[in-house]
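Take this structure, written in structure tokens, and hold onto it; I'll ask about it next.
The values are calculated or read from the model by the stated rules, or taken from the named source; none is laboratory data. The structure presented is a predicted model; accordingly, all values stated were derived computationally and were not measured. All Cβ positions, glycine included, derive from the backbone under ideal geometry; neighbour counts span all protein chains shown.
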Amino acid sequence: MNRLKKAFLTAIFILFIATITSYMFRNKLIFQAVKLPHDYQFVFDQPFEEYFITTPDDNSINALWFKPVKKAKGLVIYFHGNADNLQRWGQYAIDITQLGYEVLMIDYRGYGKSSGAPAEEILYKDASFIYQWAREKSDHKKIVLYGRSLGSAVASHLAAEVNPALLILETPFDELKGANILRHLVMILPFNATFSNKEMLGKVTCKIIIIHGTDDWVVSLKSAERLRPLLKETDQFIIIPDGGHRNLRKFPLYHTTLASVL
């Protein structure tokens with residue numbers, strides 16, 4: 001009986017450790033944050049302002065606000081992908097500021113200098129809070145939401161709530177488990193996060209622009225194309241031949257698309 005009891009307790013302990021480990025691995029796979037010290041100095045080839053925005057639950061969201069040389073046409077709020085921090089993502093703001101728009105980028109909780117820990121519902125709530133903060137701080141009537149990869153779900157969720165002037169999604173998936181990198185792991189690890197674009201796009205009333213490449217190994221074009229039935233007649237689905245997950249800005253079609261819609 002003692003041996004059976006010890007074996008049972010050992011099995012329970014192993015199951016407990018396995019559950020905790022799988023949960024930690026799952027979150028690490030989704031949220032590949034890179035932290036930065038609070039005094040880190042960002043370096044970019046264009047002017048910007050840095051903010052620390054206090055959330056209702058007393059966490060701090062780090063934000064960068066880029067501005068064009070001339071008077072801006074409007075504001076683009078940019079929600080980045082699942083990895084790194086604003087030092088990487090801030091480099092892409094120039095693709096938008098050169099078209100005459102201000103760009104507000106934030107680091108999700110646990111990323112860069114932002115405090116706290118990321119989770120799906122928290123990202124949605126923070127996005128809504130940041131949107132209201134930006135509206136109070138800026139007098140721009142034209143506000144565009146831009147979501148890249150994981151950030152596409154954050155942007156589409158917010159767009160369904162606030163009805164912006166335009167929604168741009170770069171390399172979006174239909175839902176998180178549709179991404180190539182997770183497609184096989186979802187059968188092994190339980191993913192509570194859905195980050196569903198297909199659930200939200202049907203509720204978005206503004207114009208939607210989807211930009212995707214044919215050679216994206218992280219989020220397949222097939223995953224993104226499952227969003228086509230949700231698009232309106234006025235929406236656009238732009239496919240960049242040979243485009244991958246991280247290099248769309250190297251293709252002229254990416255820039256001409258942004259220029260035409262912005």
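Taking into account only those residues within segment 69-91 that are of a type in the set (Lys, Arg) and within 19 Å of ILE143 (Cβ to Cβ), which is surrounded by the most Cβ atoms within 10 Å (Cβ to Cβ)?
Among those that are of a type in the set (Lys, Arg) and within 19 Å of ILE143 (Cβ to Cβ), it is LYS73.
Would you check if there is a residue in segment 92-112 being farther than 24 Å from PHE251 by Cβ, of a type in the set (Ser, Thr, Tyr) and buried (at least 17 other Cβ atoms within 10 Å of the Cβ)?
Scanning segment 92-112 turns up at least one residue that is farther than 24 Å from PHE251 by Cβ, of a type in the set (Ser, Thr, Tyr) and buried (at least 17 other Cβ atoms within 10 Å of the Cβ).
Among the candidates PHE44, PHE66, which residue alone is crowded, with 16+ Cβ neighbours inside 10 Å and either on the phi < 0 side of the Ramachandran plot or of a type in the set (Asp, Glu) (or both)?
Answer to the selection: PHE66.
Condition check ((1) surrounded by fewer than 17 Cβ atoms within 10 Å (Cβ to Cβ); (2) among the aromatic types (Phe, Trp, Tyr); (3) in a strand (DSSP E or B)) across all residues:
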| site | (1), (2), (3) |
| --- | --- |
| ILE209 | no, no, yes |
| TRP217 | yes, yes, no |
| SER223 | no, no, no |
| PRO229 | yes, no, no |
| THR234 | yes, no, no |
| ASP242 | yes, no, no |
| HIS245 | no, no, no |
| LEU253 | yes, no, no |
| ALA259 | yes, no, no |
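Name every residue in segment 168-188 that is modelled with pLDDT under 85 and of a type in the set (A, V, I, L, M, F, W, C), in order of residue number.
ALA179, ILE181, LEU182, LEU185, VAL186, MET187, ILE188, listed by residue number.
Would you be able to say whether some residue in segment 56-76 is of a type outside the set (S, T, N, Q), touching a residue at least 24 places away in the same chain (Cβ under 8 Å), closer than 17 Å to PRO164 by Cβ and not in a strand (DSSP E or B)?
yes
Can you tell me which residue is surrounded by the fewest Cβ atoms within 10 Å (Cβ to Cβ) among those in segment 117-154 that are in contact with a Leu (Cβ under 9 Å, 6 or more places away or on another chain), among the aliphatic types (A, V, I, L, M) and under 14 Å from ASP107 (Cα atoms)?
ILE130
Take ASP39 and decide whether it is at pLDDT 90 or above, closer than 23 Å to LEU248 by Cα and charged (D, E, K, R).
Criteria not met by ASP39.
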